[in-house]
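Student: The structure under discussion is supplied below as structure tokens; questions concerning it will follow.
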Amino acid sequence: MTGGTAGEGRRPLWLHSMATPETDAVGCLEVAHRLGLDGIELIVAGDYPAALPETATPDQVAAVVAAADGLGLRVGALCSYARDIDAESAAGRRATADALRRAVDLAAALGAGHVRVLAGHDRPTGERPDAVRRAATTLHDVAGFAHAAGVSLNVENHMDTLATSAAATRDLVLATASPAVGVLYDQANLAIMGAEPAAVAVELQRELIRHVHVKNFVPAGTDRRPVPLADGEVDWSTTLRLLDGYTGALTFEYERRWYPGALPPAEIGLPADRDFARALLTG
């Protein structure tokens with residue numbers, strides 16, 4: 001497994017900017033700094049405060065870089081919502097490829113080594129092979145651009161996409177046939193989808209994992225409720241041991257953007273998760 005460089009022999013811990021809907025990208029960096037984290041994963045979107053718009057100007061990018069440098073942090077990854085890599089229309093796929101190239105440009109300008117990829121749309125079984133071929137072709141077309149920029153395109157295990165299991169994610173990544181395309185491993189998402197347990201998921205994806213999201217949940221009716229890492233459906237004590245060959249960053253995907261009523265501000269709710277993760281990593 002590969003990933004970002006660990007500082008001083010430990011894996012970096014990053015804050016996802018979905019954790020800070022009350023502020024902007026610079027404010028997210030400041031929250032991460034006060035939490036004693038190493039950096040952030042920054043959303044790319046024009047409709048969310050703690051994000052960088054896809055149309056960000058050089059001055060906007062420079063302001064985020066200066067803030068990160070001043071705090072001794074880094075923007076380690078970008079979270080893109082460009083999704084239609086499997087679109088049936090060639091124009092739709094080209095537009096998505098262009099959006100991913102723009103995310104790669106922004107990542108390179110920020111010094112980030114990773115861009116999250118949503119793997120299109122989940123489809124009926126009979127439609128999936130063609131959709132996977134289209135998605136893999138789109139990613140392959142962007143991969144050379146990403147490789148030249150030193151950026152990894154990471155397909156996330158994610159609901160309602162073509163990556164609804166560890167096996168499906170692996171198959172899509174392998175079909176792209178590019179070293180610039182890897183896996184964003186999210187065991188909580190796999191558990192939400194009723195997909196493979198951690199021992200199976202990690203083994204299936206082991207050599208492809210470039211980045212990792214950590215969060216936890218309990219079922220709540222037809223939805224779920226976010227809970228501290230130590231308390232939910234995912235056994236992170238076991239899962240992090242399974243990731244013993246992974247030396248990259250872990251991003252706390254603290255879902256306050258989606259569940260503001262269930263989660264307090266990050267500076268209140270995240271210290272326990274930070275301490276829990278650090279204890280597991282150092283133990």
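Nothing in this text is a laboratory measurement; each read-out follows from the coordinates by a stated rule. Since this is a predicted model, take the numbers as computed values, not measurements. No Cβ is skipped: glycine too gets one built from the backbone with ideal geometry, and neighbour counts run over all protein chains shown.
Student: Taking square-rooted eigenvalues a ≥ b ≥ c of the alpha carbon gyration tensor, is the stretch 1-159 rounded, prolate or oblate, where a/c under 1.5 means rounded and, failing that, a/b exceeding b/c means prolate? Working shown, then result.
Tutor: Values: a/c = 1.97, a/b = 1.79, b/c = 1.10.
Note, shape of the stretch 1-159 comes out prolate.
Student: Given an 8 Å cut-off on Cα distances and at least 6 residues of separation, report the relative contact order of the chain as a percent.
Tutor: Values: 600 pairs, mean separation 58.9, N = 283.
Here the relative contact order equals 21 percent.
Student: Work out from phi, with θ = phi - 60° and the Karplus expression 6.51 cos²θ - 1.76 cosθ + 1.60, the ³J(HN,Hα) of each residue of the stretch 256-264, listed in order in whole Hz, and give x for Gly and Pro.
Tutor: Using θ = phi - 60°, the values come out as 5, 4, 8, 10, x, x, 9, 10, x Hz.
Student: Right, something else. Indicate the helices, whole DSSP H runs only, in the chain that combine a mean Kyte-Doolittle hydropathy of 0.0 or more with a Cα extent along their long axis of 24 angstrom or more. Walk me through the numbers on the way to the answer.
Tutor: Working: long enough: 90-110 (30 Å, 0.27); 128-149 (31 Å, -0.12).
In the chain, the long hydrophobic H runs are 90-110.
Student: Under a Cβ-only charge scheme (Lys and Arg +1, Asp and Glu -1), can you give me the dipole magnitude of the stretch 11-115 about the Cα centre, in debye to the nearest 20? Numbers along the way, then the final one.
Tutor: Values: 8 positive and 14 negative charges, 56 e Å.
Here the stretch 11-115 has a charge dipole of around 260 debye.
Student: Determine the gain in length on full extension of the stretch residue 71-residue 137; use 0.36 nm per residue of separation and subtract their C-alpha separation, reporting nm with one decimal.
Tutor: On the way: separation 66, 0.36 × 66 = 23.76 nm, distance 3.96 nm.
Residue separation times 0.36 nm, minus the Cα-Cα distance, leaves 19.8 nm.
Student: Along the Cα→Cβ direction, 7 angstrom out, place labels at residue 34 and residue 235. What is the inter-label distance in nm?
Tutor: The answer from the label model is 3.7 nm.
Student: Over the stretch 49-119, what is the mean sequence separation of C-alpha contacts under 8 Å (at least six apart), divided by residue count, expressed as relative contact order in percent? Don't skip to the end; give the middle numbers.
Tutor: On the way: 73 pairs, mean separation 28.5, N = 71.
Worked out over the stretch 49-119, it gives 40 percent.
Student: Amide H of residue 162 versus every other amide H placed in the peptide plane: which residues, excluding those fewer than 5 positions away on the same chain, fall under 5 Å?
Tutor: 119, 120, 121, 122
Student: I've got another one for you. So how far apart, in nm, are the two label points at residue 225 and residue 200 if each is 7 Å from Cα heading toward Cβ?
Tutor: 2.8
Student: Collect residues whose amide H, placed 1.01 Å from N in the peptide plane, falls under 5 Å from the amide H of residue 155; neighbours closer than 5 in sequence don't count.
Tutor: Long-range HN contacts for residue 155: 117, 182, 183, 184.
Student: Could I ask something else about it? I'd like to know which of 77, 136, 36 lies farthest towards the positive end of the charge dipole of the chain, counting +1 on Cβ of Lys and Arg and -1 on Cβ of Asp and Glu.
Tutor: Positive-most Cα among the choices belongs to 136.
Student: Give me the dipole magnitude in Debye, nearest 20, for the chain about the Cα centre, with unit charges on the beta carbon: positive for Lys and Arg, negative for Asp and Glu. Present the calculation step by step, with values, prior to reporting the outcome.
Tutor: Working: 25 positive and 36 negative charges, 72 e Å.
Rounded to the nearest 20 debye, it is 340 debye.
Student: Let me ask something additional. Quick one: compute the contact order of the stretch 99-159, relative version, from alpha carbon pairs under 8 angstrom and 6+ residues apart, as a percent. Let's see the in-between values first.
Tutor: Details: 50 pairs, mean separation 32.4, N = 61.
Across the stretch 99-159, relative contact order equals 53 percent.
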